[in-house]
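Just below is one structure, and these are the notes that go with it.
Any read-out appearing in this document is the output of simple, stated calculations on the displayed coordinates, not a laboratory observation. In this text, all values refer to a predicted model and were calculated from it rather than measured experimentally. Here the Cβ positions follow ideal geometry from the backbone for every residue, glycine too, while neighbour counts run over all protein chains shown.
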Amino acid sequence: MRYLPLTNTDREAMREKIGVSHIDELFKDVPSENLNPEIDLPRHKSEMEVERHLTRLASKNVAAGSVPFFVGAGAYKHHVPSTVDHIIQRGEFLTAYTPYQPEIAQGTLQYIFEFQTQVAQLTGMDVANASMYDGSTATAEAVMMARRVTRKKRAILSGGLHPHYRAVVETTTQYTDDEVVRLAAQPANPNAEMKAIIDAVDDSTSCVVVQNPTIAGHVLDLRPLAEKVHAHKALLIVAVTEVVSLGLIMSPGEMGADIVVGEGQSIGNGLNYGGPYLGLFATNQKYIRQMPGRLCGQTVDADGERGFVLTLSTREQHIRREKATSNICTNSGLCSLAFTVHMTLLGEKGLRRLAKVNHKITQDLKAAMSSIKSIEVLNDSFFNELTVRLPKNANGVVEKLAGMGVLAGVPFSRLDPKAGLDDLLILAATEMVTTEDIDALVKALREAIE
Amino acid sequence: MSMNNQGRPTTTTDSHAESSVDFESFSGHRGLRLAEPLIFELAGTDTTGVDIEDIADFTPAIGGLERTSEIGCSGLSEPDTVRHYTRLSRLNYGIDMGVFPLGSCTMKHNPRLNEKMARIPGFGDIHPLQPLSTVQGALELMNELSHWLMTLTGMPAVALSPKAGAHGELCGVMAIRAAHEARGDARKIILCPESAHGTNPATAAFCGYQVKSIPAQANGRVDVAALKESLNETVAAVMITNPNTCGLFETEVKAIADAVHAAGAFFYCDGANFTAIMGKARPGDLGVDAMHFNLHKTFSTPHGGGGPGSGPVVFSDALKKFAPLPYVKNTEGSELSLHEWPAENDPSFGRLTAFQGQMGMYVRALSYMLSHGGDGLKQAAEDAVLSANYLYASLKDVMSASFEGPVMHEALFDDRFLKNTGVTTLDFAKAMIDEGYHPMTMYFPLVVHGAMLVEPTESESKYNLDQFIRSMRGLAETATSGKTERFDGAPYFAPRKRLDETLAARQPILRFTKPEQA
């Protein structure tokens with residue numbers, strides 16, 4: 001077997017050194033009636049055979065890059081420069097462990113420090129951690145952190161928050177002290193949605209979670225909400241599922257956020273059918289001791305040379321056990337490397353340009369959708385995502401378009417089947433979308449609905 | 001002196017060791033050890049390494065909320081980006097470079113075939129919300145991976161979506177709590193051995209349980225008598241790692257399971273160390289109700305400097321209906337589908353993550369499993385255990401073995417052999433760095449003093465093991481002979497000397513700030 005270096009001669013010599021004649025003498029602590037069970041699995045395969053098998057499975061899927069593609073709602077198809085994948089496959093990064101031995105992990109630690117800086121800059125916050133699993137789990141962690149900071153329990157989730165994120169928050173907090181209040185989705189009326197949030201805040205509120213842009217794509221001015229939230233000594237948590245938007249839209253920090261969580265997949269990471277992705281988590285300096293997850297900090301070595309270490313670990317499970325701020329251990333290390341490499345290639349200049357290109361192509365998409373009489377576009381404001389009302393059940397239309405070779409977006413009912421919004425479709429357009437793709441979408445839509 | 005035909009000396013005339021040189025280079029570099037500033041010190045915000053059109057004629061439709069203030073992210077050109085990260089990478093130690101005996105972390109070889117497979121566009125470039133008709137191969141792969149995991153454990157169900165081991169624990173304990181609540185029997189306590197990973201008590205607390213610690217016996221196993229004494233109608237579950245974090249199989253695992261079940265509680269097994277028994281024993285035969293895998297340990301998906309992981313959980317019949325959404329549904333007919341939202345009165349405890357979990361890791365893990373086959377996985381477990389026992393047998397006369405062997409896939413030593421030498425476990429670990437090795441796990445588990453937990457995995461050749469033994473014996477003998485110079489300030493040969501962790505915690509600097517803002 002190609003991955004196992006020991007030869008039978010080695011094994012024999014090693015057994016002799018140990019003083020056993022058969023390998024199963026080393027398994028003597030396993031109840032003998034349970035040792036070496038019959039296990040019905042195929043025998044080992046060569047590289048070629050494995051490739052053949054998995055390639056056959058992969059060929060049953062339609063890759064995003066092979067068709068006109070408008071699917072978003074929390075994961076986005078962006079162009080990832082070739083450099084990114086080259087760097088993350090270097091064995092020194094790929095096959096390293098969590099940097100618990102900082103003297104031989106400065107590569108990992110320095111990029112985490114740079115990553116934390118970039119995330120803080122993007123979100124307009126003081127500090128960021130070394131990553132969470134994804135945007136949804138980061139959101140749940142933020143809700144629990146707000147309870148620790150405010151010593152209040154009532155978390156308000158806005159109607160514009162991704163329904164899957166809402167579900168993850170509700171699941172994760174169901175056995176904690178948090179009380180989660182979930183407001184209704186009003187994708188056709190962002191102003192009413194915002195008013196409902198503001199009206200729901202009172203002195204018992206620990207935090208408000210609001211997504212910007214919303215799941216329907218609306219861009220929100222969060223400043224009046226921040227004012228209300230802070231007047232009631234609660235925290236404003238802003239979730240950003242499309243981080244590229246931060247190159248065009250005022251940062252959550254500037255609008256008064258206390259915690260910013262986000263899905264970082266858009267930068268540096270592929271779609272991967274939902275994972276691995278990376279959760280972003282940023283907050284203000286005064287809350288750092290309540291943060292979940294790993295933090296990298298700057299220090300010096302015995303020679304006075306600058307270096308980096310994991311720090312403030314008394315918050316974490318391996319030290320604090322049941323009193324830790326989170327149970328998270330492994331996070332999204334390599335995904336955060338992909339993020340930070342791509343972000344370094346972009347820089348502020350590239351990010352701003354990328355954001356503009358995304359917004360521009362989405363303006364074109366809006367114009368194209370508006371040209372179809374039976375379709376209503378719900379957005380006045382948007383970044384790279386729109387919600388449209390179709391004259392038919394969106395799910396059926398999406399299936400029909402898939403059959404025509406166009407992946408047309410996410411039916412709102414797939415995210416929230418109980419909302420009664422079966423005619424809504426969420427469409428995303430990134431820099432990967434061409435004018436020809438939009439033409440193909442319009443043509444297919446006309447055929448499907450007219 | 002012999003001269004070559006260009007007139008250059010072929011041997012050095014001076015035997016200055018590097019450490020005896022008392023000058024600094026002008027560049028700050030030291031030969032191949034290249035100093036590398038932060039990106040924010042290398043460039044400003046006016047550089048970019050991508051070619052993206054700057055759209056000039058442009059009126060954004062974002063409600064007047066343009067970002068006008070500086071973001072501050074520095075950019076580097078492509079050549080400088082490649083160089084920056086290449087230089088940083090060379091400050092790291094990885095499995096690709098040498099033995100990485102980090103106990104309970106299972107740092108085995110990461111096959112590159114897995115990386116190639118995960119990058120096939122049909123896996124790497126599909127969206128989690130595409131129509132199900134366009135992702136049938138992905139769902140089929142998830143089913144196939146599930147089949148392997150259930151077969152290896154003898155368990156009837158698996159939840160794939162947890163994102164890492166600790167997330168898997170959360171999944172398992174939530175299912176346990178949901179099961180208790182479903183029978184109207186809210187319980188308060190979870191029992192964890194002293195030797196447990198920190199994530200176990202942290203997870204229990206997140207599910208609203210009080211954690212009660214159970215002691216270990218002198219032989220490194222759970223004290224079953226103490227466990228039985230603690231078991232009553234308020235105990236929801238026990239969380240036990242098996243093989244445990246001392247590298248030992250819990251010999252009385254079935255008695256534990258019986259006692260736990262008799263008390264109406266559930267048996268959660270932390271499967272971090274499953275690599276030792278894959279193909280050799282099935283947790284389902286031992287009375288386990290829920291167990292998470294770490295695909296990034298047992299099934300070779302890369303640790304990546306701290307993730308991403310993947311933590312699927314297998315369930316017993318008693319717990320399977322409480323498993324989280326979404327999962328692949330095998331409906332009648334040929335098309336596979338996903339159960340994404342709870343049905344009326346659905347017993348599922350909910351949703352743990354936005355999408356379907358770590359698909360990229362599923363592909364890698366399945367690639368590893370298919371490559372090994374059932375026969376190869378069993379051989380890998382045997383080799384891992386053989387290698388650990390070989391290290392144990394080769395070191396126990398010079399180091400202090402904590403418990404009687406045989407051990408499973410890892411061997412635990414403590415610091416008794418360093419008594420009165422002035423050398424600590426930390427010093428010993430740092431001296432291993434100078435030997436060219438990543439240190440073993442240190443100060444964990446907490447059941448012995450100054451723990452050193454050594455796990456070689458199945459990936460090391462006998463040559464590598466013998467070299468490693470030579471270094472470890474050399475260090476142990478040097479320390480006990482009273483020659484402690486090489487330990488006092490170790491590491492000497494790493495990119496950094498020992499780092500001041502107290503300073504980092506006392507004055508946290510968690511990001512770069514421009515000097516004028518500082």
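Points worth noting:
- As a proxy for reagent exposure, ranking A:404, B:155, B:452 by other Cβ atoms within 10 Å from fewest up yields A:404, B:155, B:452.
- Global form of region A:82-342, assessed from the alpha-carbon gyration tensor, a/c cut-off 1.5: prolate
- Phi to ³J(HN,Hα) by Karplus 6.51 cos²θ - 1.76 cosθ + 1.60 over region B:379-393, Hz, x for Gly, Pro: 4, 4, 4, 5, 5, 5, 5, 4, 5, 5, 5, 5, 4, 4, 5
- Taking 7 Å steps out from each Cα toward its Cβ at residue A:151 and residue B:225 produces label points 4.5 nm apart.
- Residues in region B:425-446 that a label on residue B:493 would reach, taking backbone N under 17 Å of a point 7 Å out along Cα→Cβ: B:428-440
- Computed from the Kirkwood radius of its Cα pairs, the Stokes-Einstein diffusion coefficient for region B:114-367 at 20 °C and 1.002 mPa s stands at 116 µm²/s.
- Placing unit charges on the Cβ atoms of the charged side chains and taking the dipole of the protein assembly as shown about its Cα centre, the candidate lying farthest along the positive direction among A:420, A:330, B:106 is A:420.
- If R0 equals 45 Å, the separation of the Cβ atoms of residue B:329 and residue A:24 corresponds to a calculated FRET efficiency of about 0.65.
- Selection from A:71, B:263, B:390, by position along the positive dipole direction of the protein assembly as shown (Cβ): B:263
- Ellipticity estimate at 222 nm from DSSP helix runs (n ≥ 4, -39,500 (n - 2.57)) divided over chain B, nearest 500: -10000 deg cm²/dmol
- When chain A is treated as a GNM with alpha-carbon contacts under 10 Å, the residue of A:62, A:243, A:341 showing the greatest mean-square fluctuation is A:62.
- In a DSSP loop and with at most 13 other Cβ atoms within 10 Å, the trypsin sites (Lys or Arg not before Pro) in region B:178-210 are B:183, B:188.
- Taking the Kirkwood radius as Rh and the Cα radius of gyration as Rg, chain A has a ratio of Rg/Rh equal to 1.03.
- Gaussian network model of chain A, springs between alpha carbon atoms under 10 Å - residue of A:287, A:273, A:133 with greatest fluctuation: A:273
- Applying 0.36 nm per residue to the separation of residue B:55 and residue B:463 and subtracting their alpha-carbon distance, the gain on full extension is 140.9 nm.
- In order along region B:338-348, the Karplus-derived 3J(HN,Hα) couplings, from 6.51 cos²θ - 1.76 cosθ + 1.60 at θ = phi - 60°, round to 10, 8, 9, 10, x, 7, 4, 6, 5, x, 3 Hz, and Gly and Pro are given as x.
- Least to most buried among B:58, B:267, B:403 (fewest other Cβ within 10 Å first): B:58, B:403, B:267
- Out-of-range pairs (alpha-carbon distance over 27 Å; input A:152/A:286; A:323/B:163; A:392/B:163; B:378/B:462; B:188/B:378; B:116/B:163): A:392/B:163; B:188/B:378
- Cut-off 11 Å, label 7 Å out along Cα→Cβ of residue A:418, residues of region B:337-368 by amide N: B:342-346
- Chain B, relative contact order in percent, only Cα pairs under 8 angstrom and at least six apart counted: 17
- Cα-based convex hull volume of chain B per residue, rounded to whole Å³: 249
- Using a Gaussian network model of chain A in which every pair of alpha carbons under 10 angstrom is joined by a spring, one finds that among A:137, A:314, A:117 the greatest mean-square fluctuation is at A:314.
- By the count of other C-beta atoms within 10 Å, a proxy for reagent exposure, A:321, A:148 are ordered fewest to most as A:148, A:321.
- Computed over chain A: relative contact order in percent, which uses C-alpha pairs under 8 Å that are six or more apart: 20
- Pairs of Cα atoms nearer than 8 Å and 6+ residues apart set the relative contact order; for region B:114-367 it is 29 percent.
- Spacing of the modelled spin labels on residue A:196 and residue A:371, each 7 Å from Cα toward Cβ, amounts to 3.5 nm.
- Stretch in chain B that is longest and holds no GluC sites (Glu not before Pro) that DSSP places in a loop and that have at most 12 other beta carbons within 10 Å: B:71-232
- Each DSSP beta bridge with both residues in the protein assembly as shown is either parallel or antiparallel, and the antiparallel ones are about 55%.
- With both residues required to sit in chain A, DSSP beta bridges show an antiparallel share near 55%.
- Difference of contour (0.36 nm per residue) and Cα-Cα distance, residue B:218 to residue B:183: 8.8 nm
- Considering only region B:114-367, percent of DSSP beta bridges that pair antiparallel, nearest 5: 35
- If R0 equals 51 Å, the separation of the Cβ atoms of residue B:317 and residue B:69 corresponds to a calculated FRET efficiency of about 0.30.
- Hydrodynamic radius (Kirkwood) for the protein assembly as shown, which is based on Cα pairs only, to one decimal in Å: 28.8
- The length gained on full extension between residue B:90 and residue B:27, counted as 0.36 nm times the residue separation minus their Cα-Cα distance, comes to 20.9 nm.
- Amide H contacts under 5 Å for residue A:179, placed H, 5+ residues apart: A:154, A:155
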